[in-house]
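Accompanying notes for the structure given below.
The values are calculated or read from the model by the stated rules, or taken from the named source; none is laboratory data. Just so it is clear, the structure is predicted and the values come from calculations on it, not from any experiment. Note: ideal-geometry Cβ built from the backbone for every residue, glycine included; neighbour counts use all protein chains shown.
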Amino acid sequence: MLNDDHDGVDTIATTTTTDLGSPPESYLTEGLSDPCTILIVGASGDLTSRKLMPALYNLFLKDALPDPFRIVGCSRTELTDQSFRDRLKTFISNNAEIDLSEWERFASFIQYHPIQYDQRSSFVELAGRLKELDEKSGTGGNRIIYFAIPPTLYKPTARMLGSVGLAAEGENGNGWSRIVVEKPFGRNLETAMVLDQSLHKIFKEHQIFRIDHYLAKETVQNILMFRFANAIFEPIWNRRYIDHVSITAAETLGVENRAGYYEQSGVLRDMFQNHMMQLLASTAMEPPSQFEADMVRDEKVKVFRSLRPFPLENLKDTLVLGQYTAGTINGNRVPAYRDEPGVQKESLTPTFASMKVFLDNWRWQGVPFYLTSGKRLGKKLTEISIQFKKIPHSMFRQTLGENVTANLLILGIYPDEEITLTFQTKSPDPRVSLRSVTMDFLYNQNYTGPVLDAYEKVLLDCMLGDHMLFWRKDAVELCWGFLTPILMECETCGNREDRLLPYEAGSWGPEAAQALRMNQ
């Protein structure tokens with residue numbers, strides 16, 4: 001198993017929380033954003049059906065959308081307003097958890113407009129329709145433009161939007177204008193910088209929202225609250241008391257229908273440049289002076305600046321890459337990565353990575369952070385494990401021996417949304433003996449109020465203009481600056497195939513990943 005620090009705990013002591021009363025669902029309507037139009041570019045794609053429209057509909061059910069609002073989908077597919085609505089309803093109907101009782105009322109706010117990404121006349125027509133919609137609905141020229149398109153289309157689409165005035169703010173009846181872009185933000189440092197430069201020719205930084213849905217997970221947001229709202233943890237959150245930190249994001253799924261994307265990205269681009277770096281920053285950052293977007297992001301940037309460059313001449317001691325072979329997941333046989341539809345038969349794309357990184361700063365000097373993520377692993381699991389140091393002196397060695405299990409704190413992100421703290425107590429028997437017990441807090445314990453999923457939260461924050469949970473330009477470039485040398489070394493070296501270690505689907509990755517931890 002990737003993280004076997006759970007072992008040896010035979011008794012669980014469950015914490016209790018005081019129920020202070022859940023907030024009413026109407027609290028979501030407080031401080032609603034200005035009226036706006038949500039323009040989804042690439043609306044006929046999978047992202048819109050799977051994530052965006054269910055999130056917007058759930059916000060509608062919670063009365064969390066502004067009044068008035070409109071949703072306009074556009075893409076190359078020829079659809080009418082009604083056929084677009086019917087298409088969305090068919091997909092959403094497959095989700096048994098979604099209440100469709102208000103769908104028709106919600107659908108009345110949805111329009112569709114076909115476009116061609118390389119034809120300015122198409123965007124002129126789109127701008128005209130949006131202006132007409134603003135006047136009829138009273139949305140005030142405020143727009144969120146969601147890029148649900150491949151990153152290769154970001155640059156030409158932004159240029160077209162700018163050429164027809166859809167990027168302008170406060171001019172010719174326009175209100176504010178914001179664009180939302182999905183990862184990946186480039187393929188390396190150079191392409192990320194080129195992408196940013198092209199976007200900044202049209203949009204200012206305050207208009208750009210670089211989404212990372214990991215940041216919007218409730219349990220990820222809770223990391224800062226847990227650290228900085230409790231006096232008992234922050235004093236020991238440093239190199240004096242912490243031995244190492246493990247951050248794990250394991251998936252049981254393979255590449256599914258994303259082989260075309262994944263073959264070009266691999267696990268380092270897909271998970272480490274964004275999600276894993278954000279989990280690292282939330283765990284390691286210094287407390288900001290105020291809980292405001294740029295102050296929080298300033299502290300995260302300091303973490304990224306502290307990343308020690310990888311020793312490229314000796315990567316085997318700091319980085320393990322793997323690719324899954326055929327195996328068993330939940331009792332079902334699954335194919336090897338190279339046998340997945342759309343994957344090249346001799347593919348050298350890594351589906352697993354485990355790396356040991358260090359932060360060269362005062363708080364964390366010498367403390368290894370183990371970052372691990374992969375597909376087709378033994379369990380779906382995202383967690384942050386804080387392993388404390390062993391006690392400095394054992395007064396019990398005469399009766400218990402030298403080994404006293406060190407304290408362990410685990411922040412469960414998904415699917416186990418919980419916090420557990422393991423410590424030692426006396427076993428209740430005549431002998432002098434120890435046992436490990438765990439205090440366990442379930443994140444949703446004693447809470448019955450409304451809960452937003454990740455996409456609901458980021459869409460709501462876009463409407464409010466809150467950048468707290470979004471990437472900033474300098475952070476993107478610093479993370480690419482850290483990872484690009486590794487990518488170049490691993491993708492251009494002559495022994496690339498030798499570095500890619502096979503692991504059986506359903507296992508916890510190559511055995512070398514375990515050795516990486518042992519060679520601390």
**OP:** Within region 89-113, count every residue that is in contact with a helix residue (DSSP H, G or I) (Cβ under 7 Å, 6 or more places away or on another chain), touching a residue at least 40 places away in the same chain (Cβ under 8 Å) and not β-branched (Val, Ile, Thr).
**Re:** 8
Original post:
Which of the residues spanning region 339-356 are surrounded by fewer than 22 Cβ atoms within 10 Å (Cβ to Cβ) and in a strand (DSSP E or B)?
Top reply: LYS356
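Quick grid of which residues meet (1) among the basic types (Lys, Arg); (2) closer than 30 Å to ALA505 by Cα; (3) crowded, with 18+ Cβ neighbours inside 10 Å:
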{"position": "SER177", "(1), (2), (3)": "no, no, yes"}
{"position": "ARG187", "(1), (2), (3)": "yes, yes, no"}
{"position": "LEU195", "(1), (2), (3)": "no, no, yes"}
{"position": "SER198", "(1), (2), (3)": "no, no, no"}
{"position": "ILE202", "(1), (2), (3)": "no, no, yes"}
{"position": "HIS206", "(1), (2), (3)": "no, no, no"}
{"position": "GLU234", "(1), (2), (3)": "no, no, no"}
Subject >> Qualifying positions in region 314-338 - outside any strand (DSSP E or B), surrounded by 16 or more Cβ atoms within 10 Å (Cβ to Cβ) and among the polar types (S, T, N, Q) >> reply: THR318
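Can you report the number of residues in region 141-156 which are modelled with pLDDT under 90 and outside any helix (DSSP H, G or I)?
Total meeting the criteria: 1.
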Original post:
Restricting to region 222-263, what's the tally of residues that are part of a helix (DSSP H, G or I) and either among the acidic types (Asp, Glu) or modelled with pLDDT of 90 or more (or both)?
Top reply: 12
**OP:** May I ask you to list the residues in region 298-313 that are assigned to a loop (DSSP other than H, G, I, E, B) and in contact with a Pro (Cβ under 9 Å, 6 or more places away or on another chain)?
**Re:** PRO309, PHE310
**OP:** Would you confirm whether any residue within region 368-377 is touching a residue at least 40 places away in the same chain (Cβ under 8 Å), of a type in the set (Val, Ile, Thr) and in contact with a helix residue (DSSP H, G or I) (Cβ under 6 Å, 6 or more places away or on another chain)?
**Re:** no
**OP:** Could you check GLY449 against (1) of a type outside the set (Asp, Glu); (2) part of a loop (DSSP other than H, G, I, E, B); (3) buried (at least 16 other Cβ atoms within 10 Å of the Cβ) and say which number it fails?
**Re:** (3)
**OP:** Being assigned to a loop (DSSP other than H, G, I, E, B) and either surrounded by fewer than 16 Cβ atoms within 10 Å (Cβ to Cβ) or on the phi < 0 side of the Ramachandran plot (or both) is the filter here, so list the residues in region 111-140 that pass it.
**Re:** ILE115, GLN116, TYR117, ASP118, GLN119, GLY138, THR139
Original post:
Which residue, of GLN273, GLN264, is among the polar types (S, T, N, Q), within 22 Å of LEU348 (Cα to Cα) and buried (at least 20 other Cβ atoms within 10 Å of the Cβ)?
Top reply: GLN273
Original post:
under 27 Å from TRP362 (Cα atoms), in contact (Cβ under 8 Å) with a residue 60 or more places away in the chain and touching a Cys at 6+ places or on another chain (Cβ under 7 Å): does that describe PHE310?
Top reply: no
